[in-house]
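Engineer: Dropping a structure here in structure tokens format, bear with me for questions.
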Amino acid sequence: MNVRHYEHLYASNPDWQPVLEPLLEKILTKPNHGHFPKWNNAYESLAHLKTSCFDFSNPTVHIGIPEELDTSESDKIKQILHTLHPWRKGPFQYFGIDIDSEWQCHMKWSRITPHLGSLENKKILDVGCGNGYFMLRMLGAGANTVIGVDPTLVFLAQFYSLIQSLRSPINAHLLPVAFEELSEQINDFDYIFSMGVLYHRRDPLEHLQRLFKHAKAGGTIILETIILDSDDTKELIPEDRYAGMRNVWSIPSPGLVCDWLERCGYSNIQVHNMNKTTVDEQRATAWMNNYSLINFLDKNNLNKTIEGYPAPVRAIFSATRPV
């Protein structure tokens with residue numbers, strides 16, 4: 001994995017190159033994770049696979065078809081893909097190999113899409129994009145350009161290991177940077193998605209203000225987050241962990257999220273689809289065999305976390321940066 005991945009991005013956005021290139025060069029030439037050589041080796045081991053067959057419009061993202069591999073090679077490729085564990089977002093099918101991710105992300109996507117306008121020819125930013133599953137679904141829905149931001153290097157390896165197999169480049173690019181590092185020059189997006197991020201931010205208003213700055217006038221923010229299922233305007237602040245997670249700083253009620261969005265200058269603020277996270281949507285698999293949701297719920301009461309807090313309920317919000 002190297003800076004050449006971004007040549008296509010710079011060709012269509014030359015003003016971005018001066019601010020992105022030094023940052024990406026630093027990250028990719030001196031990665032800060034000891035497993036990066038292993039992940040990069042997996043990426044290079046898959047470089048010979050090429051296909052013109054893909055489908056980003058179905059619940060399972062397809063790249064390649066089974067007939068393009070023989071059985072012995074398929075087993076080898078599967079082993080290589082397993083070295084990129086954990087696969088948290090998906091599912092994918094790669095040359096007929098089913099990658100059964102921890103999250104069944106198509107379930108979340110099906111809850112979001114009824115509240116979207118057309119993504120046809122849109123420019124989209126996906127903050128906290130993980131391995132790019134949703135980025136590819138956005139392309140499948142007609143988006144022109146999708147930029148993902150996520151600093152986790154194994155997700156970078158998963159994304160580029162999969163899409164390098166496509167004979168023709170696609171206009172989706174994953175930047176391995178923290179959202180806070182992203183220059184405000186990378187802006188003018190028709191849609192910005194922030195899914196599963198807000199509750200990990202010490203200062204949620206700062207995050208919402210940052211999203212605002214990257215959107216174009218009239219652009220839409222799609223926010224998906226864990227919420228406190230309450231009609232009151234209040235928040236839960238976990239004492240230590242929430243559902244086993246250390247870095248959950250605040251779980252707001254829908255009303256409080258709407259107040260935050262209004263204070264940050266958004267208009268046309270709407271709440272969509274409050275949905276309890278189930279163990280059918282998030283669970284351990286052979287591709288992510290660590291602890292998952294079931295391990296962090298009270299075994300005697302699945303409506304509570306092991307810490308005694310309400311079990312995760314997620315809501316979708318949409319808002320507009322005014323013209």
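The values are calculated or read from the model by the stated rules, or taken from the named source; none is laboratory data. None of these values were measured; they are calculated from a predicted model. In this analysis, Cβ positions are derived from the backbone assuming ideal geometry, glycine residues included, and neighbour counts consider all displayed protein chains. Just the protein is used for accessible areas: all its heavy atoms, side chains included, with ligands, DNA and RNA removed. Shrake-Rupley method; radii C 1.70, N 1.55, O 1.52, S 1.80 Å.
Engineer: Give the calculated FRET efficiency between residue 202 and residue 239 to the nearest 0.05, with a Förster radius of 22 Å applied to their Cβ-Cβ distance.
Structural biologist: On the way: r = 15 Å, r/R0 = 0.70.
So the FRET efficiency works out to roughly 0.90.
Engineer: Give me the 1.4 Å probe accessible area per residue for the stretch 197-301, excluding ligands and nucleic acids, in Å².
Structural biologist: Numbers: 5260 Å² over 105 residues.
That works out to 50 Å² per residue.
Engineer: For residue 7 and residue 295, compute 0.36 nm times the residue count separating them, minus their Cα-Cα distance, and round to one decimal in nm.
Structural biologist: Numbers: separation 288, 0.36 × 288 = 103.68 nm, distance 4.28 nm.
Full-extension gain reported as 99.4 nm.
Engineer: Which is the longest run of the chain containing none of the chymotrypsin sites (Phe, Trp or Tyr not before Pro) found in DSSP loop states (not H, G, I, E, B) with at most 16 other C-beta atoms within 10 Å? Show your work: numbers first, answer last.
Structural biologist: Numbers: sites that count: 249, 291.
In the chain, the maximal stretch lacking such sites is 1-248.
Engineer: If the only charges are +1 at each Lys and Arg Cβ and -1 at each Asp and Glu Cβ, what is the size of the charge dipole of the chain around the Cα centre, to the nearest 20 debye? Present the calculation step by step, with values, prior to reporting the outcome.
Structural biologist: Values: 30 positive and 37 negative charges, 28 e Å.
In total the dipole reaches around 140 debye.
Engineer: Then there's this: Select from 253, 192, 282 the residue farthest towards the positive end of the dipole of the stretch 176-323; place +1 on Cβ of Lys and Arg, -1 on Cβ of Asp and Glu, and compute about the Cα centre.
Structural biologist: Final value for the positive-end residue is 282.
Engineer: What's the longest bit of the chain with no exposed GluC sites (Glu not before Pro), using DSSP loop states and at most 16 other Cβ atoms within 10 Å as the test?
Structural biologist: On the way: sites that count: 120, 184, 239, 307.
Here the longest segment lacking exposed loop sites spans 1-119.
Engineer: Do you know the relative contact order of the chain, to the nearest whole percent, from alpha carbon pairs under 8 angstrom that are 6+ apart? Present the calculation step by step, with values, prior to reporting the outcome.
Structural biologist: Values: 634 pairs, mean separation 52.7, N = 323.
Once normalised by length, the contact order is 16 percent.
Engineer: Report the far tail of the P(r) of the stretch 153-304, meaning the percent of Cα-Cα pairs longer than 29 Å.
Structural biologist: Numbers: 3418 of 11476 pairs.
The share of Cα pairs beyond 29 Å in the stretch 153-304 comes to 30 percent.
Engineer: Can you find, among 124, 81, 323, the residue farthest towards the positive end of the dipole of the chain? Put +1 on the C-beta of Lys and Arg, -1 on that of Asp and Glu.
Structural biologist: 81
Engineer: Tell me whether the stretch 196-239 comes out rounded, prolate or oblate; compute the Cα gyration tensor, take square roots of the eigenvalues as a ≥ b ≥ c, and use a/c under 1.5 as the rounded threshold.
Structural biologist: Values: a/c = 2.57, a/b = 1.81, b/c = 1.42.
It comes out prolate by the Cα gyration axes.
Engineer: On to the next question. Computed FRET efficiency, Cβ-Cβ of residue 187 and residue 67, R0 56 Å: what is it to the nearest 0.05?
Structural biologist: After rounding to 0.05, the efficiency reads 0.85.
Engineer: A further question on this structure: In the stretch 92-169, what trypsin sites (Lys or Arg not before Pro) fall in a loop by DSSP, with at most 16 other Cβ atoms inside 10 Å? Mind showing how you got there, number by number?
Structural biologist: Values: sites: 108, 111, 122, 123, 137, 167; in loops: 122, 167.
Answer by residue number: 167.
Engineer: For residue 26 and residue 229 in the same chain, what is the full-extension length gain: residue separation times 0.36 nm, less their Cα-Cα distance, in nm?
Structural biologist: My answer for the length gained is 68.8 nm.
Engineer: Could you calculate the contour length gain from residue 271 to residue 74, that is, 0.36 nm times the residue separation minus the distance between their Cα atoms, to one decimal place in nm? Don't jump to the answer; show the numbers that get you there.
Structural biologist: On the way: separation 197, 0.36 × 197 = 70.92 nm, distance 4.44 nm.
Separation in residues times 0.36 nm, less the Cα-Cα distance, equals 66.5 nm.
Engineer: Under a point-charge model restricted to the Cβ atoms of Lys and Arg (+1) and Asp and Glu (-1), what is the dipole moment magnitude of the stretch 52-163 relative to its Cα centre, in debye to the nearest 20? It would help to have the intermediate numbers written out before the result.
Structural biologist: Values: 9 positive and 12 negative charges, 117 e Å.
In total the dipole reaches around 560 debye.
Engineer: Mind counting lysine pairs for me in the stretch 194-323? Cα separation below 28 Å, and the two need to be 8 or more apart along the chain or on different chains.
Structural biologist: Numbers: 213/234; 234/276; 234/299; 234/304; 276/299; 276/304.
For the stretch 194-323, qualifying lysine pairs total 6.
Engineer: If you roll a 1.4 Å probe over the stretch 249-316 with all protein chains in place, what percent of the accessible area is carbon or sulfur? Intermediate results must be reported in sequence, preceding the final value.
Structural biologist: Values: 1620 of 3390 Å².
Here carbon and sulfur together make up 48 percent of the probe-accessible area.
Engineer: State, to one decimal in nm, how far the label point of residue 170 lies from the label point of residue 98, with both points 7 Å from Cα in the Cβ direction.
Structural biologist: Computed distance between label sites residue 170 and residue 98 equals 2.1 nm.
Engineer: Binning at 5 Å from 0, report for the stretch 38-165 what percent of all alpha-carbon pair distances ends up in each bin.
Structural biologist: Answer for the stretch 38-165: a P(r) of 2, 10, 21, 25, 20, 13, 6, 3, 0 percent.
Engineer: Something else about it: Hand me the trypsin sites (Lys or Arg not before Pro) from the stretch 200-270 located in a DSSP loop with no more than 13 other Cβ atoms within 10 Å, in residue order please.
Structural biologist: Working: sites: 201, 202, 210, 213, 216, 234, 241, 246, 263; in loops: 201, 202, 234, 241, 246.
Here the sparse-neighbourhood loop sites are 202, 234, 246.
Engineer: Let me ask something else about it. For the stretch 104-224, what is the convex hull (Cα atoms) projected area averaged across all directions, in square nanometres? The partial results should precede the final answer.
Structural biologist: Values: hull surface 30.0 nm².
Here the figure is 7.5 nm², rounded to one decimal.
Engineer: So, one more: How large is the direction-averaged shadow of the alpha-carbon convex hull of the stretch 1-113, in nm²?
Structural biologist: Working: hull surface 35.9 nm².
Reported value for the Cα convex hull: 9.0 nm².
Engineer: Rounded to the nearest 0.05, what FRET efficiency do residue 19 and residue 110 have when you use their Cβ-Cβ distance and R0 = 41 Å? Please list the in-between numbers first.
Structural biologist: Details: r = 36 Å, r/R0 = 0.87.
Plugging the Cβ-Cβ distance into 1/(1 + (r/R0)^6) gives 0.70.
Engineer: Then there is this: Which distance in Å, rounded to a whole number, links the C-alpha centroids of the stretch 1-49 and the stretch 194-261?
Structural biologist: When both Cα centres are located, 30 Å separates them.
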